[in-house]
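Q: Here it is: the structure, laid out below.
The values are calculated or read from the model by the stated rules, or taken from the named source; none is laboratory data. What you see is a predicted model, and the numbers here were worked out from it, not measured in a lab. Don't worry about glycine lacking a Cβ; one is built from the backbone with ideal geometry, like all the others, and counts go over all protein chains shown. Just the protein is used for accessible areas: all its heavy atoms, side chains included, with ligands, DNA and RNA removed. Shrake-Rupley method; radii C 1.70, N 1.55, O 1.52, S 1.80 Å.
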Amino acid sequence: MPVQTKNPAVPKTVESPINPWEVALKQLEIVAKHMKLDPGIQSYLSYPKRCLIVSVPVRMDDGSIKIFEGYRVQHNLARGPAKGGIRYHPGVTLDEVKALAFWMTLKCAVLGLPYGGAKGGVRVDPKKLSLAELERMTRRYTSEISIIIGPGKDIPAPDVYTNSQTMAWMMDTYSMGIGHSAPGVVTGKPLEIGGSLGRNEATGRGCVYTIENAFRKLHWNLKGTTAVIQGFGNAGSVCAKLLADLGVQVIAVSDSKGGVHSPQGLDVPKLILLKNKGGSVTDYSGSGVTRLTNQEILELKCDILVPAALENQITGANAARIQARLIAEAANGPTTPEADEILYKKEVFLLPDILANAGGVTVSYFEWVQDNLAYFWKEEEINQRLEDLMSAAFENVYLLAQEEKVDMRMAAQILAVRKIAQALKMRGIYP
Ligand code: NAD
């Protein structure tokens with residue numbers, strides 16, 4: 001049997017040369033300067049509270065042993081227990097997880113959820129594992145991080161290439177360790193074991209509520225506009241479906257294999273069917289449909305651009321060529337600070353990740369509350385509560401952007417950092 005002595009290298013195809021943690025620190029530096037933030041608070045937020053690196057040994061189906069590297073980072077817990085998703089992707093690095101945890105701290109503060117920020121991930125290509133291998137890997141990873149997670153401590157959820165099945169395995173593994181069922185240890189679970197109605201669609205739905213709020217505020221009409229969506233997973237596909245339901249023409253979408261474009265609009269239910277059957281959006285065919293790359297679709301002329309895949313997609317290199325009027329960041333960290341500046345000058349209205357994709361963590365919060373109460377709400381109630389919280393957050397960020405004459409990202413970050421700084425100051429420094 002060959003001996004694995006090194007962690008598998010991060011493949012070049014998925015690794016972006018831009019380090020997401022450096023992007024997060026740059027964002028913090030910009031917002032700290034603008035709000036003349038106490039340098040002590042800035043340094044507090046520049047260091048994650050806890051970074052756990054674990055090795056995850058897995059017995060593969062052929063009998064061999066593979067080691068995967070996993071992470072769980074708790075960025076800041078001043079406002080409550082840690083909350084954030086788990087990512088399985090070959091490009092996962094500690095710095096990526098640190099950045100994603102930082103954005104979770106800010107996101108929970110923008111929405112006023114009583115949580116701090118966390119994130120986890122395993123550097124693995126889950127498409128290369130059998131279902132049984134994936135289950136063994138998930139269970140061992142959960143066991144390795146169970147020393148810091150828990151319903152009142154740190155509550156994981158799905159992210160890229162993890163789903164409700166992953167959460168069910170995590171919940172079961174954690175529960176076995178403590179000897180009783182603990183549904184509140186993860187969110188995004190199947191309904192049968194304490195999941196919430198509306199959680200699966202929450203990120204896309206919340207993103208669409210934010211787009212609707214922006215259109216109303218800007219006195220633009222949504223009906224008849226066009227949208228381009230990069231990434232057609234949980235966040236992107238729901239966003240596409242709900243936008244199409246509102247009369248928006250979805251003219252291009254993409255997944256990891258590439259993109260498809262039709263100026264006449266794509267049939268979104270047909271695309272969803274293709275994905276559900278295990279295919280790619282690039283299998284979509286029809287008259288006037290052309291294939292484009294993931295980068296090319298970003299530069300198409302459209303009204304709404306929704307990056308819903310990975311970080312660092314809109315950078316200093318392509319921001320000037322973006323033709324959308326509005327960008328709604330369903331993905332975390334898709335835009336670099338250099339691109340932000342270019343887009344602001346071009347008057348592109350940008351709905352930042354920590355606002356636009358907060359629907360997921362908001363309904364995760366509802367799921368956790370329902371688990372803790374052992375009492376479950378109706379779907380209409382959940383969607384209404386989601387809309388109320390998303391709209392209130394949008395309004396707060398928009399007003400602050402007007403007051404401070406800054407873009408929506410800066411406004412959302414000011415709002416978040418203010419709340420976190422207040423919590424840190426009130427709690428003081430132990431001992
Ligand atoms: P997912 O696993 O359901 O889907 C990911 C999608 O991205 C797939 O369509 C995949 O093919 C595509 N993709 C992968 N690599 C790509 C590449 N290089 N270029 C273009 N597309 C690529 O994941 P998801 O949950 O939809 O997450 C997508 C984004 O949304 C991530 O940034 C995630 O952090 C963010 N997000 C997700 C949630 C949630 O609740 N799931 C909440 C907030 C934010």
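Q: In this structure, does SER181 turn out to be away from the ligand (no atom under 16 Å from the Cβ), under 22 Å from GLU96 (Cα atoms), open to solvent by 20 Å² or more (accessible area, probe 1.4 Å) and in contact with a helix residue (DSSP H, G or I) (Cβ under 7 Å, 6 or more places away or on another chain)?
A: The answer is no for SER181.
Q: I would also like to ask the following. Select, from ALA240, ALA214, the only residue that is outside the structural domain of THR166 (by TED's automatic domain parsing), within 15 Å of the ligand (Cβ to nearest atom), of a type in the set (A, V, I, L, M) and in a helix (DSSP H, G or I).
A: After applying the criteria, what remains is ALA240.
Q: Another question, if that's okay. Being touching an Asp or Glu at 6+ places or on another chain (Cβ under 9 Å) and open to solvent by less than 10 Å² (accessible area, probe 1.4 Å) is the filter; apply it to region 267-283 and report the residue that is farthest from GLN323 (Cα to Cα).
A: Among residues in region 267-283 that are touching an Asp or Glu at 6+ places or on another chain (Cβ under 9 Å) and open to solvent by less than 10 Å² (accessible area, probe 1.4 Å), the one farthest from GLN323 (Cα to Cα) is SER280.
Q: Could you run through region 124-142 and say how many residues are polar (S, T, N, Q) and either in the same structural domain as GLY278 (by TED's automatic domain parsing) or assigned to a helix (DSSP H, G or I) (or both)?
A: Count: 2.
Q: Hey, another quick one. May I ask you to list the residues in region 52-84 that are of a type outside the set (Lys, Arg), in contact with a Leu (Cβ under 9 Å, 6 or more places away or on another chain) and surrounded by 14 or more Cβ atoms within 10 Å (Cβ to Cβ)?
A: Residues satisfying the conditions are VAL58, MET60, GLU69, GLY70, TYR71, VAL73, GLN74, HIS75, ASN76, ALA78, GLY80, GLY84.
Q: Among LEU326, LEU355, which is the only one that is open to solvent by less than 10 Å² (accessible area, probe 1.4 Å) and away from the ligand (no atom under 16 Å from the Cβ)?
A: Step by step, each of LEU326, LEU355 is checked, and only LEU326 is open to solvent by less than 10 Å² (accessible area, probe 1.4 Å) and away from the ligand (no atom under 16 Å from the Cβ).
Q: Looking only at residues that are within 12 Å of the chain's Cα centre (by Cα) and aliphatic (A, V, I, L, M) in region 92-131, which one is surrounded by the most Cβ atoms within 10 Å (Cβ to Cβ)?
A: Among those that are within 12 Å of the chain's Cα centre (by Cα) and aliphatic (A, V, I, L, M), it is ALA118.
Q: Considering only region 282-317, state which residues are assigned to a strand (DSSP E or B) and either hydrophobic (A, V, I, L, M, F, W, C) or touching a residue at least 60 places away in the same chain (Cβ under 8 Å) (or both).
A: Across region 282-317, the qualifying residues are LEU292, ILE304, LEU305, VAL306, PRO307, ILE314.
Q: Then there's this: Within region 153-171, count every residue that is open to solvent by 30 Å² or more (accessible area, probe 1.4 Å), touching a helix residue (DSSP H, G or I) at 6+ places or on another chain (Cβ under 8 Å) and either away from the ligand (no atom under 16 Å from the Cβ) or under 20 Å from ILE53 (Cα atoms) (or both).
A: 3
Q: With GLY84, GLY70, GLY116 as the choices, which residue is of a type outside the set (Lys, Arg), at pLDDT 95 or above and within 14 Å of the ligand (Cβ to nearest atom)?
A: Of GLY84, GLY70, GLY116, the one residue that is of a type outside the set (Lys, Arg), at pLDDT 95 or above and within 14 Å of the ligand (Cβ to nearest atom) is GLY84.
Q: Among the numbered conditions (1) at pLDDT 95 or above; (2) within 24 Å of HIS89 (Cα to Cα); (3) not hydroxyl-bearing (Ser, Thr, Tyr), tell me where VAL31 comes up short.
A: So the condition that VAL31 fails would be (2).
Q: Surrounded by fewer than 18 Cβ atoms within 10 Å (Cβ to Cβ) and either away from the ligand (no atom under 13 Å from the Cβ) or not in a helix (DSSP H, G or I) (or both): does that describe GLN264?
A: Criteria met by GLN264.
Q: Give all pairs with beta carbons closer than 8 Å in which a residue from region 345-373 that is assigned to a helix (DSSP H, G or I) and modelled with pLDDT under 95 meets a residue that is of a type in the set (D, E, K, R) and more than 12 Å from the ligand (Cβ to nearest atom); count only pairs at least 6 apart in sequence or on separate chains.
A: none
Q: On to the next question. So if I check each of MET408, MET390, which one is under 18 Å from ARG216 (Cβ atoms), surrounded by 16 or more Cβ atoms within 10 Å (Cβ to Cβ), within 16 Å of the ligand (Cβ to nearest atom) and of a type outside the set (Gly, Ala, Ser)?
A: Only one candidate passes the filter, namely MET390.
Q: Then there is this: Pairs only if they're at least six apart or on different chains, beta carbon under 7 angstrom, first in region 220-241 and closer than 16 Å to ALA356 by Cα and open to solvent by less than 20 Å² (accessible area, probe 1.4 Å), second among the charged types (D, E, K, R) and near the ligand (Cβ under 6 Å from one of its atoms); list them, first residue then second.
A: GLY231/ASP255
Q: Right, something else. Name the single residue, out of those in region 199-211 being within 12 Å of the ligand (Cβ to nearest atom) and open to solvent by 10 Å² or more (accessible area, probe 1.4 Å), that is farthest from GLU380 (Cα to Cα).
A: THR203
Q: Now, a different point. Give region 329-338 a look and list any residue that's in contact with a Ser or Thr (Cβ under 7 Å, 6 or more places away or on another chain) and either within 16 Å of the ligand (Cβ to nearest atom) or in the same structural domain as MET104 (by TED's automatic domain parsing) (or both), or say none.
A: Result: GLU329, ALA330, THR336.
Q: Failed condition for GLN370, given (1) open to solvent by 20 Å² or more (accessible area, probe 1.4 Å); (2) away from the ligand (no atom under 14 Å from the Cβ), with all others met?
A: (1)
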